[in-house]
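Okay, so here's the structure we're looking at.
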Amino acid sequence: MLKAIVVGASGYTGAELAHFLTRHPEIELAGLYVSEGSLDKGKKLSALYGNLVGVVDLPLLPLGNSGIKNACEGIDIVILATAHEVSHNLAPLFLAEDTVVFDLSGAFRVQSAGFYDKFYGFTHQFPELLDKAVYGLAEWNAEAVKGTDLIAVPGCYTTASLTALKPLAEAGLIKENYKPTINATSGVSGAGRKANVASSFCEVSLQPYAVFNHRHKPEIDQHLGLPVVFTPHLGSFKRGILASINVVLKAGVTAAQVDQAYQDAYADKPIVRLMEGTLPALKNVVGTPYCDLGWAVDGEDLVVFSAIDNLLKGASSQAIQCINLRFGFEITASLL
């Protein structure tokens with residue numbers, strides 16, 4: 001049985017990861033870690049998340065750079081649910097201990113060092129790891145995930161958007177020189193567990209933010225191979241993302257061709273559900289690892305709807321999918 005640790009385990013995503021790993025038939029959850037300065041160090045994870053009482057009662061151990069070697073003793077898998085700059089610094093140290101690293105931050109998602117100066121506010125120091133990292137969009141990069149020790153798990157907005165758009169791009173159905181327009185709304189859990197007035201449930205209305213400069217926009221561009229217009233919104237609900245995406249189809253493309261593109265992409269992918277006779281709704285995906293897709297065609301106009309749980313398919317459950325791919329387990333192991 002493989003052994004795994006989670007670093008940054010006190011956050012919402014870390015707690016979900018711990019829960020998945022506890023019930024994984026092939027993996028033992030061997031440790032939960034937080035930063036040395038965390039106010040949660042020494043507490044049981046179940047003390048922070050009451051639903052995990054009797055399920056994940058491991059303590060949150062403090063971890064500094066000097067303790068990484070000891071933390072990695074006998075460990076096969078390291079999952080980083082940490083801030084971008086923290087993952088950037090930690091991933092090379094864990095890789096040096098012969099572990100396989102699954103990073104849920106944005107630190108290794110885009111193969112362009114200059115991207116990090118512009119969108120993340122730090123200079124990337126490991127271009128060789130950017131070249132090595134595989135983008136963990138599980139339904140699309142399965143073979144590449146199997147062959148690397150550094151998997152950069154996509155974020156929530158990009159997962160919802162790329163899952164919806166890649167079948168169309170791969171089939172060549174999108175009209176040239178027309179940018180798909182993505183309007184996506186996320187619940188407040190996407191902002192993390194740290195207290196912040198801007199993302200406080202009592203303060204949030206339905207509102208757009210980071211118009212034309214959100215860091216997920218260039219990430220989507222790179223991994224789609226086409227430029228998009230991306231506008232994120234923050235909604236006054238806890239969790240989930242619904243993306244509504246407008247696409248102009250090439251002249252002559254039919255609704256049947258659109259249907260076939262989605263069938264070809266996902267008919268054998270159990271985590272992506274193609275909706276028939278209805279459209280995606282958050283109530284159907286929150287608390288599940290699924291991405292639900294629906295669409296409607298009117299001439300050259302196509303609207304695609306993509307719904308996910310931002311903490312699961314948008315983070316933790318997709319990381320588990322990547323772990324399952326990397327080690328040859330059933331893709332749905334611990335998820336369904």
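Details
- Only helices enter the 222 nm calculation for the chain: every DSSP H run of n ≥ 4 contributes -39,500 (n - 2.57), and dividing by all residues gives -8000 deg cm²/dmol, rounded to 500.
- Selected from G14, C72, G114, residue furthest toward positive end of dipole (the range 5-145; charges at beta carbon): G14
- Most simply put, the chain has about 45% antiparallel DSSP beta bridges, counting only bridges with both residues inside it.
- For the range 1-102, the alpha carbon positions stretch 35, 32, 21 Å along the principal axes, listed from largest to smallest.
- For L58, the residues whose amide H sits under 5 Å from its own are L45, S46, ignoring neighbours fewer than 5 places away on the same chain, with H placed 1.01 Å from N.
- Magnitude of the charge dipole, the chain, Cβ model with Lys/Arg +1 and Asp/Glu -1, debye to 20: 760
- Note: the chain, Cα convex hull, 134 Å³ per residue.
- Under 30 Å, Cα to Cα: Lys pairs in the range 156-310, sequence gap 8 or more or different chains: 25
- For K3, nonlocal amide neighbours, meaning residues 5 or more places apart or on other chains whose placed amide H falls under 5 Å from its own, are E28, D76, I77.
- Residue (of S236, F305, L173) at the positive-pole extreme of the range 156-310, dipole from beta-carbon charges: S236
- Most simply put, the range 156-310 has about 75% antiparallel DSSP beta bridges, counting only bridges with both residues inside it.
- Label-to-label distance, nm, for residues given as Y178 and L39 (7 Å Cα→Cβ offset): 5.1
- Backbone phi angles across the range 247-254, fed through the Karplus curve with coefficients 6.51, -1.76 and 1.60 (θ = phi - 60°), yield HN-Hα couplings of 10, 9, 8, 4, 4, x, 5, 9 Hz in residue order; Gly and Pro are listed as x.
- Per-bin percent of Cα-Cα distances, the range 156-310 [10 Å]: 11, 41, 34, 12, 2, 0
- Across the range 61-68, computed HN-Hα scalar couplings (Karplus, 6.51 cos²θ - 1.76 cosθ + 1.60, θ = phi - 60°) run 8, x, 9, x, 4, 6, x, 5 Hz from first to last residue, x flagging Gly and Pro.
- What you get for the range 156-310, charging only the Cβ of Lys and Arg (+1) and of Asp and Glu (-1), is a dipole of about 640 debye around the Cα centre.
- Computed as a quarter of the hull surface, the mean projected area of the alpha carbon convex hull for the range 246-315 stands at 5.0 nm².
- Rounded Å value of the spacing that divides the Cα centres of the range 259-285 and the range 53-114: 33
- Comparing Y178, Y135, Y12 in a Gaussian network model of the chain, where Cα atoms under 10 Å apart are tied by springs, the biggest mean-square fluctuation is seen for Y178.
- Viscosity 1.306 mPa s, 10 °C: Kirkwood-radius Stokes-Einstein D of the range 209-299 over Cα pairs, µm²/s: 103
- J(HN,Hα) series, the range 41-51, from Karplus relation 6.51 cos²θ - 1.76 cosθ + 1.60, nearest Hz, glycine and proline x: 4, x, 7, 6, 4, 5, 6, 8, 10, x, 5
- Amide H within-cut-off set for R273, under 5 Å, with H built and near neighbours excluded: C291, D292, L293
We did not get these values from a lab; they are worked out from the coordinates using the rules stated. Because the structure is predicted, anything quoted here is derived from the model rather than measured. Ideal geometry is used to build each Cβ from the backbone, glycine not excepted, and the neighbour counts take in all protein chains shown.
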